[in-house]
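**Q** Provided herewith is a single structure, encoded as structure tokens, for subsequent inquiry.
The values are calculated or read from the model by the stated rules, or taken from the named source; none is laboratory data. What you are looking at is a predicted structure, and each value in this text was computed from that prediction instead of being measured. Cβ: placed from backbone, ideal geometry, glycine included. Neighbour counts: every protein chain shown.
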Amino acid sequence: MKKTGKRILAAALALVSAFAPASAAYAEEGDQNEFEAALQASYDVEPETNDILGWPKGPQIYGNSAIVMDMDSGAVLYEKQADERHYPASITKILTALIAMENSDPEDEVYFSEDSTSFLEYGDASIGMTPGEILSRKDAMYGMLLASANEVSYAIAESVGKLMGGDYNTFIQEMNDRAEELGCTGSNWVNANGLHDELHYTTARDMALISAAAYQFEEFRTVTQTLEYTIGETNLMNETRTFQQNHKMLWPGNDYYYENCTGGKTGYTDQSRTTLVTMAESDGLRLVAVILQDDGDVYVDTRAMFDYAYGNFSKVYLKDQDVPEEISSYTAESPYVVLPSGTEFSSLQKEITIGSEEERTGTVTYYFEGQNVGSTEVVLTEEYIQAVKEAEQAEENEADGQEGSLGNSLLRVLICVGAAALLLLIVVLISVRYRYIKRKRIRRAARRRQQNTARVQGRQTPGNGSGVYQGMRPGTERRRASAQDDPRRRDRNGRYR
């Protein structure tokens, strides 16, 4: 019996084993089908710039969100769902680098505390720093931007935060504040390295603005286009550390090599998927391309966007155009806008933002069918500033007048309501008083009727034989009645006669 049971169990296990690979294959095939369907759906989303009348048609890409922006003028040449929020992964380190460069020097020390290394998990990018080690901020920048080392990012934030008069959290707050200053509207930063957090997110447009600001630093440009770097011995480590550039478009001989590429940063987590920031220079245009959540080939998508931008757009210098009457002069040496080839400058619209009325400074932004094609700093004319002041004063006066009129109207309404309430109260009081007097009169009349009835009933009438008079004391009437009814008479002494 036992042998029979064992045989049945063995047969069952063999059957399960025979079908298990097939079941797994079906599950994997189902997941793959879902993945490919989602990938195709992302590819099918048209870039918003393709809807602009007269704008060159851009490529479709597998990335969920993307943008190409001129880093000097801010002109946006290509965008696809650029304001959707995504997890950035390690491209976060571009903002970390920006804050570090703005608040420290390359020679400053970066100290590795226990906190800067203890959070690391298996598989996290790292260069093996240990608590107590010290790097220069220059070496740390290479470790962060080339090797994407997460403990280096933390140590930079913690050390620079202390230089700022605070700590790691001070640095994180500055990341958020600086992003807001740059015009970012869809980002929130909770760490310096980009490891996944539900509250850590950004948009393609915000990353383009951040990357453009970082690219203005020569240090950043130097670091991000370096292919290999070696950190020397440290206070605790007698060996050197060498690491390479991860961005494939920078490596000559690589299938993805792009001759115009001048820097960038890669990123990946299971939640963010592939993210990529790439800088390129050609034909006088310094462009940044950002792609978020790309499950296709992010390098092919990036090249397609760059080829589109460089093949369809060119600079139009403002010095060659009529200066708008509101503008006294341009602040930049050679300001420009970026337009589709063949577009006339006269077809653009403009928007002026005043920075300082006293200094007459401001910014002018030009638009083509609502699309930003470039902005630059300007000095505004006195006439324009005066006109703006008068318009603002007129608006204030109108607002004050409306407010005063509203106040007067409200006061009149309150007076009318108060008067009506007072009149109603008077009417109610009169009505109550009238009913009170009326009830009082009715009660008085009722009492009188009762009294009159009582008097009439209390009198003795001839022949009634009662011998009772109203108001007599009990017994008196009986005595009187008895004396009257008795035929005998008494003398003075009370005796019968």
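**Q** Could you please find all residues in segment 102-122 being over 18 Å from Phe220 (Cα atoms), surrounded by 15 or more Cβ atoms within 10 Å (Cβ to Cβ) and within 31 Å of the chain's Cα centre (by Cα)?
**A** Within segment 102-122, Ser116, Leu120 qualify.
**Q** Restricting to segment 42-71, what's the tally of residues that are within 22 Å of Glu281 (Cα to Cα) and either among the basic types (Lys, Arg) or out of contact with any strand residue (DSSP E or B) (no Cβ under 9 Å at 6 or more places or on another chain) (or both)?
**A** Counting residues in segment 42-71 that are within 22 Å of Glu281 (Cα to Cα) and either among the basic types (Lys, Arg) or out of contact with any strand residue (DSSP E or B) (no Cβ under 9 Å at 6 or more places or on another chain) (or both) gives 1.
**Q** Right, another one. Output the number of residues of segment 167-204 satisfying the condition of being within 12 Å of the chain's Cα centre (by Cα) and of a type outside the set (Val, Ile, Thr). Spell out the reasoning first.
**A** Start the filter on segment 167-204 by keeping residues that are within 12 Å of the chain's Cα centre (by Cα), which leaves 180, 184-188, 199, 201-202.
Then keep just the ones that are of a type outside the set (Val, Ile, Thr); that gives 180, 184, 186-188, 199, 201.
The number of residues fulfilling the criteria is 7.
**Q** Suppose we keep only residues that are touching a residue at least 40 places away in the same chain (Cβ under 8 Å) and aliphatic (A, V, I, L, M) within segment 164-182. Which one would you say is surrounded by the fewest Cβ atoms within 10 Å (Cβ to Cβ)?
**A** Initial filter on segment 164-182 (touching a residue at least 40 places away in the same chain (Cβ under 8 Å)): 164, 168, 171, 174-175, 178-179.
If we keep only those that are aliphatic (A, V, I, L, M) as well, we get 164, 175, 179.
On the way: Met164: 16, Met175: 22, Ala179: 24.
Step by step, filter segment 164-182, then rank; the result is Met164.
**Q** OK, next. Would you mind stating whether Ser148 is under 17 Å from Thr226 (Cβ atoms) and either part of a helix (DSSP H, G or I) or touching a Ser or Thr at 6+ places or on another chain (Cβ under 8 Å) (or both)?
**A** Details: under 17 Å from Thr226 (Cβ atoms): yes; either part of a helix (DSSP H, G or I) or touching a Ser or Thr at 6+ places or on another chain (Cβ under 8 Å) (or both): yes.
Yes; evaluated as a whole, the condition is true for this residue.
**Q** What are the pairs, 6+ residues apart or on separate chains, where a residue within segment 346-364 that is at pLDDT 95 or above has its Cβ under 6 Å from a residue that is surrounded by 13 or more Cβ atoms within 10 Å (Cβ to Cβ) and in a loop (DSSP other than H, G, I, E, B)?
**A** Ile352/Glu326
**Q** Let me ask something else. So if I check each of Asn176, Asn150, Asn169, which one is in the same structural domain as Gly128 (by TED's automatic domain parsing) and under 18 Å from Ala212 (Cα atoms)?
**A** Numbers: Asn150 fails: under 18 Å from Ala212 (Cα atoms); Asn169 fails: under 18 Å from Ala212 (Cα atoms).
Step by step, each of Asn176, Asn150, Asn169 is checked, and only Asn176 is in the same structural domain as Gly128 (by TED's automatic domain parsing) and under 18 Å from Ala212 (Cα atoms).
**Q** Scan segment 30-54 and report the pairs whose first residue is without any contact (Cβ under 8 Å) to a residue 12 or more places away in the chain and in the same structural domain as Gln81 (by TED's automatic domain parsing) and whose second residue is surrounded by 12 or more Cβ atoms within 10 Å (Cβ to Cβ) and assigned to a helix (DSSP H, G or I), with Cβ atoms within less than 9 Å and a gap of 6+ or a chain change.
**A** Every condition considered, no pair remains.
**Q** If you take the residues in segment 281-328 that are in contact with an Asp or Glu (Cβ under 7 Å, 6 or more places away or on another chain) and assigned to a helix (DSSP H, G or I), which one is farthest from Asp255 (Cα to Cα)?
**A** Applying the filter and picking the extreme gives Tyr310.
**Q** Counting just the residues of segment 196-254 that are among the polar types (S, T, N, Q) and in a strand (DSSP E or B), which one comes out nearest to Gly63 (Cα to Cα)? Outline the logic, then answer.
**A** Taking segment 196-254 first, the residues among the polar types (S, T, N, Q) are 202-203, 211, 216, 222, 224-226, 230, 234-235, 238, 240, 242, 244-246, 254.
Add one more test, that the residue is in a strand (DSSP E or B), and what stays is 202, 230, 242, 244.
Values: Thr202: 15, Thr230: 33, Thr242: 32, Gln244: 26 Å.
Among those that are among the polar types (S, T, N, Q) and in a strand (DSSP E or B), it is Thr202.
**Q** Name the residue, out of Ile134, Ile127, Ile210, Ile156, that is assigned by TED's automatic domain parsing to the domain that holds Gln245, within 19 Å of Ile67 (Cβ to Cβ) and at pLDDT 95 or above.
**A** Values: Ile134 fails: within 19 Å of Ile67 (Cβ to Cβ); Ile127 fails: within 19 Å of Ile67 (Cβ to Cβ); Ile156 fails: within 19 Å of Ile67 (Cβ to Cβ).
The conditions single out Ile210.
**Q** Okay, next question. Would you be able to say whether some residue in segment 315-336 is under 27 Å from the mean Cα position of the chain (by Cα) and either within 28 Å of Tyr201 (Cβ to Cβ) or acidic (Asp, Glu) (or both)?
**A** No.
**Q** Something else now. For Glu84, are the conditions met, namely being without any contact (Cβ under 8 Å) to a residue 12 or more places away in the chain, of a type in the set (D, E, K, R) and surrounded by fewer than 16 Cβ atoms within 10 Å (Cβ to Cβ)? Let's see the steps before the verdict.
**A** On the way: without any contact (Cβ under 8 Å) to a residue 12 or more places away in the chain: no; of a type in the set (D, E, K, R): yes; surrounded by fewer than 16 Cβ atoms within 10 Å (Cβ to Cβ): yes.
So Glu84 fails the test.
**Q** Moving on to the next point. Which of the residues that make up segment 123-145 are among the hydrophobic types (A, V, I, L, M, F, W, C), outside any loop (DSSP other than H, G, I, E, B) and over 32 Å from the mean Cα position of the chain (by Cα)?
**A** Kept after step one, since they are among the hydrophobic types (A, V, I, L, M, F, W, C), are these residues of segment 123-145: 125, 127, 129, 134-135, 140-141, 144-145.
From the residues that got through so far, the ones that are outside any loop (DSSP other than H, G, I, E, B) too are 134-135, 140-141, 144-145.
Residues satisfying the conditions are Ile134, Leu135, Ala140.
**Q** Can you tell me which residue among Ile91, Ile127 is within 30 Å of Lys57 (Cα to Cα), β-branched (Val, Ile, Thr) and in contact (Cβ under 8 Å) with a residue 40 or more places away in the chain? Talk me through it step by step, then tell me what you get.
**A** Details: Ile127 fails: within 30 Å of Lys57 (Cα to Cα).
Testing whether each residue is within 30 Å of Lys57 (Cα to Cα), β-branched (Val, Ile, Thr) and in contact (Cβ under 8 Å) with a residue 40 or more places away in the chain leaves just Ile91.
**Q** Same structure again: Looking only at segment 379-388, filter to residues that are over 32 Å from the mean Cα position of the chain (by Cα) and not small (Gly, Ala, Ser); which one of those is farthest from Glu333 (Cα to Cα)?
**A** Of segment 379-388, the ones over 32 Å from the mean Cα position of the chain (by Cα) are 379-387.
Applying the additional criterion that residues be not small (Gly, Ala, Ser) yields 379-386.
Working: Val379: 13, Leu380: 16, Thr381: 19, Glu382: 22, Glu383: 24, Tyr384: 23, Ile385: 23, Gln386: 26 Å.
My answer is Gln386.
**Q** Related question: Answer yes if at least one residue in segment 374-389 is modelled with pLDDT of 95 or more and among the small types (Gly, Ala, Ser), and no otherwise.
**A** yes
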